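Taking it in order: structure first as structure tokens, then the write-up.
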Amino acid sequence: PPPPPPPPPPGGRATPAIRPYRRRTPEDSVLYQVVREHLNTFIERAAAADGIGLPSFVERELRAYVDCGVLARGFARMQCADCRRDQVIALSCKGRGFCPSCCGRRMADTAAHLVSNVIPDVPIRQWVLSLPFRLRYRLAYDADLKRQILACFLKAVFAWYERWGGRWGAAHGQTGAATYGQRFGGSININVHFHAIVLDGVFHRPDPDADVRFLPLPPPTDDDILAVTIDTYRRVTRLLRRRDIHLWDDPFDDTEGDGDAGYDPLAEDSPALAHFYAAAVQGTLAFHTDPTRPTRRQRTIPPDHGAHIPVPGELRARLEGFDLHAGVAIPQGARDALEHLCRYIARPPVATDRLDLLPTGEIAYRLRRPWSDGTTTLVFAPLDLVARLAALVPYPGKNSVHYHGVFAPRHAWRSEIVPRPPTGRAPGEPDPPPGGGTTDEHPRGRLPRAELLRRVFGIDAERCPHCGGRLRLLAFITEQSTIRTILQAMNLPADPPQLAPARAPPMLDTMFDDVA
């Protein structure tokens with residue numbers, strides 16, 4: 001990630017300049033146009049390839065994205081208390097896979113929750129673990145194995161902190177971690193890896209009657225990172241051996257073998273989705289007669305042949321596909337920098353401002369950083385891009401943020417460690433309930449969208465753009481006839497965008513040969 005911003009000035013959080021709210025127009029983005037034009041074609045070809053089609057949760061999220069942010073599909077009607085003018089805010093799809101708006105809202109809410117309600121004001125360090133390609137395909141759908149591998153990784157990290165805490169006088173010290181299991185990489189691919197925000201020290205209790213205290217520890221060295229990587233590798237390989245999973249067997253090979261080699265439960269339930277997962281992990285084309293053909297790349301800079309050479313002091317180690325990095329640290333008091341880091345690890349998978357529609361009809365995606373071979377842009381066919389989006393949709397009911405150590409829900413010290421929210425009502429927070437309700441309790445549920453816009457972007461969605469008065473919510477409008485009447489009276493588009501009909505498949509007999 002980029003270097004964290006400087007700590008806030010003394011006296012609290014740096015408040016951005018407040019700007020009025022402007023309605024977003026998702027239908028103007030390249031991503032929206034690609035999905036609207038090719039979604040029906042994608043769904044029909046997936047169903048024709050294996051006779052089963054996409055799982056319902058994937059198709060439901062793809063279709064919901066087309067309606068996200070479109071006023072003609074429903075909106076919240078707001079009215080200014082002073083000038084009586086109306087303001088409409090489109091409803092969202094609440095997707096968890098790739099929708100830029102909904103994932104951005106979830107990003108801001110997750111970061112605000114971690115900073116305000118979970119992570120105390122102590123030094124923290126980010127530990128990032130990337131996994132071998134052989135594991136990424138399995139972890140994309142096996143949430144139980146993903147949780148167990150994360151536990152192995154954090155046990156290795158915690159063991160290092162507790163061992164060094166004991167040497168510095170904190171016997172039986174314990175640390176904690178809030179980990180975000182990121183599903184994607186920087187090229188709209190499947191790259192399951194872990195971003196663990198770990199307390200850079202240990203909490204300990206000097207005697208049974210004393211309060212819990214925090215002991216910061218010196219930063220790790222390159223040798224420490226290598227030792228934690230080796231420990232993680234050993235723990236994970238033992239776990240895989242117990243579960244009879246062969247790490248170095250090809251997960252895409254359907255030949256007979258021992259244990260889980262050659263067995264793919266996802267391919268049995270949904271061959272099309274398994275094909276899209278494999279293409280998203282390997283960086284190949286999903287809709288091509290040759291399933292091993294990689295995505296077309298554009299190289300505009302010379303290759304960097306020294307990118308793989310370790311840099312002393314980088315706090316990074318690699319072993320058999322396991323890549324561990326712990327070079328990002330946030331000092332005590334830098335809460336803005338911490339929230340910036342939390343927003344980075346919970347960011348949406350697709351940056352819409354880096355998508356360009358080429359004259360050939362293909363879509364170019366500019367990488368955030370050039371690859372070591374000089375690649376700066378990936379070029380997708382429309383159906384291949386939609387296949388990548390389908391692979392990014394996570395299985396429903398699975399958590400993205402995991403808490404371990406002193407952050408675990410049932411840990412005895414948790415109530416003494418997590419920060420208490422300040423008394424008083426934050427801007428945009430609803431009034432306390434009548435009957436003597438207090439405001440010093442931990443907030444439940446998600447923060448209001450208006451508060452997140454104000455907190456992240458400095459946008460006041462509750463201020464009238466005409467007179468500066470306060471907007472109040474009148475109703476949520478979902479009846480189609482009422483929607484059309486109101487939008488026409490406000491001179492806004494009242495007709496929802498229509499999905500393009502499915503196109504005839506040009507090579508249906510050769511498509512998905514590896515999963516048919």
Subset tally (residues that are open to solvent by less than 50 Å² (accessible area, probe 1.4 Å) and modelled with pLDDT under 75) for segment 396-446: 5
Criterion: among the hydroxyl-bearing types (S, T, Y) and within 33 Å of the chain's Cα centre (by Cα) - qualifying residue of T482, T478: T478
L471 vs. criteria modelled with pLDDT of 90 or more and surrounded by 13 or more Cβ atoms within 10 Å (Cβ to Cβ): no
Segment 474-497: number of residues that are among the hydroxyl-bearing types (S, T, Y) and not in a helix (DSSP H, G or I): 1
Single condition D509 does not satisfy, out of (1) at pLDDT 85 or above; (2) part of a loop (DSSP other than H, G, I, E, B): (1)
Extreme residue, surrounded by the fewest Cβ atoms within 10 Å (Cβ to Cβ), among residues of segment 126-163 that are under 19 Å from R241 (Cα atoms) and of a type in the set (D, E): D144
Residues being part of a helix (DSSP H, G or I) and either surrounded by 17 or more Cβ atoms within 10 Å (Cβ to Cβ) or in contact (Cβ under 8 Å) with a residue 12 or more places away in the chain (or both) - total across segment 23-36: 9
Residue among R167, R134, R213 that is of a type in the set (K, R) and closer than 27 Å to R297 by Cβ: R134
From L39, L54, L62, residue being part of a loop (DSSP other than H, G, I, E, B), among the aliphatic types (A, V, I, L, M), modelled with pLDDT of 90 or more and surrounded by 20 or more Cβ atoms within 10 Å (Cβ to Cβ): L54
In segment 357-372, the residues that are surrounded by 13 or more Cβ atoms within 10 Å (Cβ to Cβ) and either among the hydroxyl-bearing types (S, T, Y) or closer than 17 Å to L389 by Cβ (or both): L357, E362, I363, A364, Y365
Answer residue from segment 122-136, given it is assigned to a helix (DSSP H, G or I) and under 13 Å from G185 (Cα atoms) and is nearest to the chain's Cα centre (by Cα) among those: R136
Hey, T295 crowded, with 17+ Cβ neighbours inside 10 Å, in contact with a strand residue (DSSP E or B) (Cβ under 8 Å, 6 or more places away or on another chain) and at pLDDT below 90 or not: yes
Tally of residues being farther than 17 Å from Q332 by Cα and of a type in the set (A, V, I, L, M) across segment 197-211: 1
Residue, farthest from I225 (Cα to Cα), within segment 196-214, restricted to residues that are assigned to a strand (DSSP E or B) and open to solvent by 10 Å² or more (accessible area, probe 1.4 Å): R213
Tally of residues being at pLDDT below 85 and more than 22 Å from Y395 (Cα to Cα) across segment 259-292: 8
Close pairs from segment 128-143: first under 9 Å from V192 (Cα atoms), partner basic (K, R) and not in a helix (DSSP H, G or I), Cβ under 8 Å, at least 6 apart: A140/R183
Identity of the residue in segment 320-356, among the acidic types (D, E) and over 13 Å from T110 (Cβ atoms), that ends up surrounded by the fewest Cβ atoms within 10 Å (Cβ to Cβ): D353
Residue in segment 179-187 that is surrounded by fewer than 16 Cβ atoms within 10 Å (Cβ to Cβ) and in contact (Cβ under 8 Å) with a residue 60 or more places away in the chain present: yes
Out of R463, R454, R449, sole residue that is open to solvent by 50 Å² or more (accessible area, probe 1.4 Å) and either under 14 Å from V88 (Cβ atoms) or under 22 Å from the mean Cα position of the chain (by Cα) (or both): R449
Boolean, C103 is touching a residue at least 12 places away in the same chain (Cβ under 8 Å), touching a Phe, Trp or Tyr at 6+ places or on another chain (Cβ under 8 Å) and outside any strand (DSSP E or B): no
Among (1) hydroxyl-bearing (S, T, Y); (2) under 15 Å from the mean Cα position of the chain (by Cα); (3) open to solvent by less than 30 Å² (accessible area, probe 1.4 Å) - the single one T175 does not satisfy: (2)
Residues that are assigned to a loop (DSSP other than H, G, I, E, B), closer than 19 Å to E362 by Cβ and among the β-branched types (V, I, T), drawn from segment 283-305: T289, T295, T300
Meets criteria (open to solvent by less than 30 Å² (accessible area, probe 1.4 Å), closer than 30 Å to I417 by Cβ, acidic (D, E) and modelled with pLDDT of 95 or more) for D231: no
Members of segment 79-103 found to be aliphatic (A, V, I, L, M), more than 14 Å from D67 (Cβ to Cβ) and buried (at least 17 other Cβ atoms within 10 Å of the Cβ), listed by number: V88, I89
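The values are calculated or read from the model by the stated rules, or taken from the named source; none is laboratory data. Remember, predicted model here, so these are calculated numbers, not experimental data. Don't worry about glycine lacking a Cβ; one is built from the backbone with ideal geometry, like all the others, and counts go over all protein chains shown. SASA here: full protein model, heavy atoms, side chains in, ligands and nucleic acids out. Shrake-Rupley method; radii C 1.70, N 1.55, O 1.52, S 1.80 Å.
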